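Reviewing the structure listed below.
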Amino acid sequence: MPELPETETIARDLDGALRGAVVSSVRVTRPDVLRAVTAASLGKRLTGATVCSVSRRAKSIVIAFERDGAGGPERLVVTPRFTGALLLDGTPDDAYTCIRIALADGRVLRYHDVRRLGTVALLDAPTFEAWSAALGPEPLDPELTDQRFSGIIRGSRRAVKSILMDQRRLAGVGNIYANEALWRAGMRPSLSGRTVTLARCAALLTSLRAVFTESIALRGTTFRDFRDAYGERGGFAAQLKVYGRAGEACARCGATLKGSHAIDGRQTVWCPKCQS
């Protein structure tokens with residue numbers, strides 16, 4: 001599933017390319033991906049609207065539109081999940097094109113989703129604010145202090161990995177990067193949040209931010225389906241030290257990495273020797 005680095009990559013691509021673009025038409029061919037809007041309403045509300053920004057919130061790409069008479073910006077919230085992609089030009093329409101947004105300058109933005117597991121919602125300002133408020137803080141936000149992060153981790157008895165991936169507590173963290181950050185911090189994924197010291201929480205936040213920053217620089221991680229806004233693969237997969245490497249030697253101490261699905265049914269990989 002595209003996590004913070006992947007959706008951040010797409011959002012940065014599109015923000016630079018789409019600001020000021022005007023929508024000339026919208027065609028929905030797979031309406032089952034829509035949430036909080038019908039195909040007819042989506043076309044009516046977006047046609048003639050201007051893109052004012054593209055950003056990311058948690059694991060979603062947020063495209064803000066301004067339209068005369070709308071009473072404020074509306075936001076297209078795209079959550080790609082496992083097989084979704086927002087593609088700008090470069091790809092023709094095919095059976096997996098769910099939404100086609102034509103721009104007045106001749107370019108086309110497509111929401112492409114092979115298995116249609118992702119969602120696309122058009123939210124007015126109050127609805128967007130309520131949606132965003134239900135999510136936790138962003139890990140890369142400088143206002144997320146060590147103290148506040150410690151409160152998030154130490155405020156639950158759940159496994160620390162499960163806390164990291166709870167979008168209501170911390171936005172954007174998924175399985176790939178939770179595994180990597182915990183390995184970098186030398187922290188066992190199954191450790192109860194209540195038992196983590198303040199110092200170890202601070203070290204975990206530092207590791208999490210470093211992993212995200214490095215992955216964004218390499219445009220995310222592609223194992224199979226993720227593509228950026230231009231259809232290119234992300235390059236961070238080769239840098240992963242634990243995710244997907246159960247049974248291999250730990251890059252830090254040489255011990256054999258262990259794997260389990262005991263935490264939230266997701267693949268957890270850790271080093272039994274240097275993660276405690």
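Numbers below:
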quantity: Two-site label geometry, S24 and K258: point separation in nm, points 7 Å out along Cα→Cβ; calculated: 6.0 nm
quantity: Accessible heavy-atom area order of Y230, Y243, highest first, probe of 1.4 Å; calculated: Y230, Y243
quantity: C52/A104 FRET efficiency (R0 22 Å; Cβ-Cβ; nearest 0.05); calculated: 0.90
quantity: Net charge contributed by nearby residues that have their C-beta within less than 12 Å of P92 (K/R +1, D/E -1); calculated: -1
quantity: Inter-label distance, nm, simple model (7 Å from Cα along the C-beta direction), E248/Q147; calculated: 4.1 nm
quantity: Helix-only CD estimate at 222 nm, as mean residue ellipticity for the chain, using -39500 (n - 2.57) per DSSP H run (n ≥ 4); calculated: -8500 deg cm²/dmol
quantity: Estimated FRET transfer efficiency (A36, R115; beta-carbon r; R0 25 Å; 0.05); calculated: 0.75
quantity: Nearby aspartates and glutamates by direct alpha-carbon distance to K241 (threshold 16 angstrom, same-chain neighbours under 8 apart not counted); calculated: E180, E214
quantity: Dipole of the chain [Lys/Arg +1, Asp/Glu -1 at C-beta], most positive-end residue of L240, A58, G20; calculated: L240
quantity: Amide H within-cut-off set for L34, under 5 Å, with H built and near neighbours excluded; calculated: V120
quantity: Computed lengthening from D166 to A210, 0.36 nm per intervening residue step minus Cα-Cα distance; calculated: 13.9 nm
quantity: Assigned charges on the beta-carbon of Lys, Arg, Asp, Glu; the chain dipole about Cα centre (debye); calculated: 1120 debye
quantity: List W131, W270, W183, ordered by accessible area with a 1.4 Å probe, largest first; calculated: W131, W270, W183
quantity: Alpha-carbon centroid distance for the pair the stretch 228-268 / the stretch 1-66, whole angstrom; calculated: 31 Å
quantity: G174 long-range amide H proximity, modeled H, under 5 Å; calculated: L4
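The values are calculated or read from the model by the stated rules, or taken from the named source; none is laboratory data. In this text, all values refer to a predicted model and were calculated from it rather than measured experimentally. Because the Cβ atoms are built from the backbone with ideal geometry, glycine has one as well, and the counts that use them run over all protein chains shown. Quick note on the areas: whole protein, heavy atoms, side chains included, nothing else; ligands and nucleic acids left out. Shrake-Rupley method; radii C 1.70, N 1.55, O 1.52, S 1.80 Å.
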